[in-house]
Structures are given as C-alpha cells and as structure tokens.
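Written out below as structure tokens is the structure these notes cover.
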Amino acid sequence: MTVDSEDEELLGAVASALVTLDELDDLTAFRMPYPAAVQTTLDRLALHCLRRRARPPSSVMGMVRWGYERPLGTWPLVLLADIYPADDLLLDGRSGAPTALCHEIALCAETTNPFLEVSRQVTGMAAFAAERDLALAYRAMRNVLATYPILTNERFNEVRFAGIGALDEYLGQFFVKIEPGFDAGGEIRACDGCGGPLLPADGGNWWCEREECAAEGLVAPGERWDHDTQVFLQGDRRHRQFVSGPGRAVQRLGAKLTLSGARVGYWPMSGPGDLRVTLPGRQARTVNVVDWHSPALLGRAIAASVTGYGIDALCWVVASYRTDADPSYLRIASEHAMSPWIFTEDGFTDMIRCEVKDHA
C-alpha cells in the first residue's frame, strides 16, 4: 500500500520483521542466522539512526526491545501522529507478542490491497463451494471459523459433521497443531472471552490477542488442556485478526439486522462482503465488518480496495467496541478512506430499520 515517506516505509519493514520473528514456530530450537529480511531491516534501521544522529539498536534483540519499550513517538522517525499514535507500541510489553497495530502496519506495508490479501484463503474456499453449489456448507464452515479459534481433536471431529459436508477437507487447512509457544506450565489455556489462545503476562496475568476481550474485561483463563491433548489453532495470527476474529461481530450484526425486518444472508460466496442485506423493493446492500486498531490505516485499506479493485459498493461496519472507545474513530476512518459508507454497528442497524419502516 502507498506510504507517505521513507520513515513510514521503514516502520512498515520493522513491523513486518517483528511479525516474522513472532511466527518462528519454536524459538527454543532456533539457530542463527535470523531470516534475511529481519537482518536487512535491522541494518536499514541502524543506518537510518546514524543519519539522524540517534543511537541504533545493536542487534535483532535490541530491535525487539525497541518494540516493547519505546512508544512510536520516541523512535527517530518522522511519522504522522494521526496515523501512528505517539504512545502506541509495536510489541505488547507484558507478553512480548506483536500488537494489533503492529500487524496492521506490517500488512499495509507488505501489500497494495490488504483486504484482498487477508481473504485469499476463504476466497479460494468460496470459489470451491460456489462451483459445487455448497452455499449452506460454506456458511456452516464460516460459522465454525467465527466460533472456534481453537479445536481439540474431539471437537475437530464433531464440527466435521456439523453441516460443512464436502468442505471438511478445509478444516485441516485452517486448523493446525498449536505452537509450543502457547504452552504455559504444561497447559494450553483459552481465553474465557473469545476462546482464543492465552499467553502468560507479567504479574501472573494473561494476555489475549483479541483487543476486544481486554476492552470488555474478559481476559481470563477459560478452557484448558494438558500438553498431551491434541489442540489445533485456527490459522496464523493475521488470519485470526483480520478474517475470523471479526466473525463474532458479523454474527451479532446479522442478528440485529434480522430483528429489524431485513433479510440477511451470511457470508455470500460470490463477491466481497460478510453480509448481504436485502429489503423489499430495494437493491441489496453488501456489508464488510471490520475490526482494526488504527482507524487511519483502516481508512487507507478501504481506499486501496476501491482504487485498485473498484469495490465501492460495500458498506463498511466497524466493530462496536472500537467506536465506543473512540468517538473520533469513524471520522478518521472516513477521512482516510474518502468514503461516506463507513458505519457503526448501531448506525447501520438504525439506517436499515428506518428503511424497513419506510417501506412498510
């Protein structure tokens, strides 16, 4: 995606390098050298610091420390504060994991169309389902992805017979054996809020990758399994953050819209969008539900979708906890997207409800 400066491009490279390091399956078995892209990014950052008369990180681990010790406003980079808040970190200081913002910066740095990039796997499954007229199975599979960040072997076998039919082969593509890094004291623990994996944090606390759980005070151990249990985690962090993570908001919004009197189709197989909302006598509206930490980067990603691929008929609905926490969220996202079609969950539901009443 287009960036405004070399400093912003460098930040994107650092964020991408930190995500790459986090994705190494087992750091205890890791051997030097670091991945080439990571080492190159460190070299670029060091050279940049020297040019700015700033002290550079002396190693890859030094760059990692910058991620959780130094807010973006203290980096020797000239960044737009409305896009990159000065107090935000690239790594969570308690768990050491990349923040949601770090993943957003990395994604936007790596591709010209973030939404197209993150949806490739489900788009492939949708095409397979459409060729075989498997609309109900496709919806059932998307419900599984939205509901279960983690599957045990027993539950894995249960959902295979929960209406996904010929799409059951995709379960093995979406769910992989959980990495050793999620093992805490011989146990794997799920978040009581979202069911996703927990990481131990400082002070005996826990960290959940879903910011919604922290915002709503739901980060606490829920289900737990011992080390010998076969546990499968859905996708990588990028997939969980941008595709399956917003799935619960899709289910919630769809239920609200159905109560308003609209006809709602979940996860259409053709074209983009999470919901297709149909009113009597009106053209259907296609809705994409989004959950981004940065409203500015979300706006840029929406603009990239419209500019590069002509997807200008979508209504974009932001997960409610984001707009509840930041009254300026919608304004900032709309300014960067240059689109009036960005809504809060309640705002979009109210609009549909009014349209239903007008037609009655």
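No value in this document is a laboratory result; all are computed from the given coordinates. Remember, predicted model here, so these are calculated numbers, not experimental data. When we count neighbours, we look across all protein chains shown, and the Cβ atoms used for this are built from the backbone with ideal geometry, even at glycine.
Tell me the angle of helix 135-147 to the major Cα principal axis of the chain, expressed in degrees between 0 and 90 and rounded to the nearest ten. Approximately 40 degrees, to the nearest 10.
Largest first and in whole Å, give the semi-axes of the chain's equivalent ellipsoid, each being the square root of 5 times a Cα gyration tensor eigenvalue.
Values: eigenvalues 233, 144, 68 Å².
The equivalent ellipsoid of the chain has semi-axes of 34, 27, 18 Å.
Excluding the site residues themselves, the longest part of the chain lacking any trypsin sites (Lys or Arg not before Pro) in a DSSP loop with at most 15 other Cβ atoms within 10 Å is 133-281.
How far, in nm, would the chain grow between ALA325 and ASP202 when pulled straight, counting 0.36 nm per residue and subtracting the alpha carbon separation? If you can, show how the numbers build up before the last one.
On the way: separation 123, 0.36 × 123 = 44.28 nm, distance 2.49 nm.
Working it through step by step, the gained length comes to 41.8 nm.
Counting every C-alpha pair in region 246-359, the share spaced more than 19 angstrom apart comes to 43%. The base-10 log of I(q)/I(0) for region 90-231, evaluated at q = 0.16 Å⁻¹, reads -1.02 [Debye formula, identical scatterers on Cα atoms, solvent excluded].
Loop only per DSSP, at most 11 neighbouring Cβ atoms within 10 Å: give me the GluC sites (Glu not before Pro) in region 51-150, ordered by residue number. Numbers along the way, then the final one.
On the way: sites: GLU69, GLU104, GLU110, GLU117, GLU131; in loops: none.
Passing both the DSSP loop test and the Cβ count: no residue.
With an 8 Å Cα cut-off and a minimum separation of 6 or more residues, compute the relative contact order for region 117-241 in percent. The partial results should precede the final answer.
On the way: 164 pairs, mean separation 35.7, N = 125.
Result for region 117-241 is 29 percent.
Relative to one another, the C-alpha centroids of region 37-86 and region 180-245 are positioned 29 Å apart. Per-residue ellipticity at 222 nm computed for the chain from its helices equals -13000 deg cm²/dmol, with DSSP H segments shorter than 4 residues left out and the rest contributing -39,500 (n - 2.57). Here the label points at PHE161 and GLU6, each 7 Å from Cα along the C-beta direction, are separated by 6.3 nm in the simple model.
In whole percent, what relative contact order does region 246-359 give with Cα contacts below 8 Å and a gap of six or more residues? Mind showing how you got there, number by number?
On the way: 172 pairs, mean separation 30.1, N = 114.
Across region 246-359, relative contact order equals 26 percent.
Between PHE175 and GLY235, the built amide H atoms are under 5 Å apart, and every one of these is 5 or more places off in sequence or on another chain. To the nearest ten degrees, helix 247-259 and the longest principal axis of the Cα atoms of the chain are 30 degrees apart. Exposed loop sites, defined as chymotrypsin sites (Phe, Trp or Tyr not before Pro) outside DSSP H, G, I, E and B with at most 16 other Cβ atoms within 10 Å, are absent from the longest region of the chain, namely 162-360.
Quick check: residue separation of ARG65 and ARG252 times 0.36 nm, minus the Cα distance between them. What number comes out in nm? Don't jump to the answer; show the numbers that get you there.
Working: separation 187, 0.36 × 187 = 67.32 nm, distance 3.83 nm.
Result for the pair: 63.5 nm of gain on full extension.
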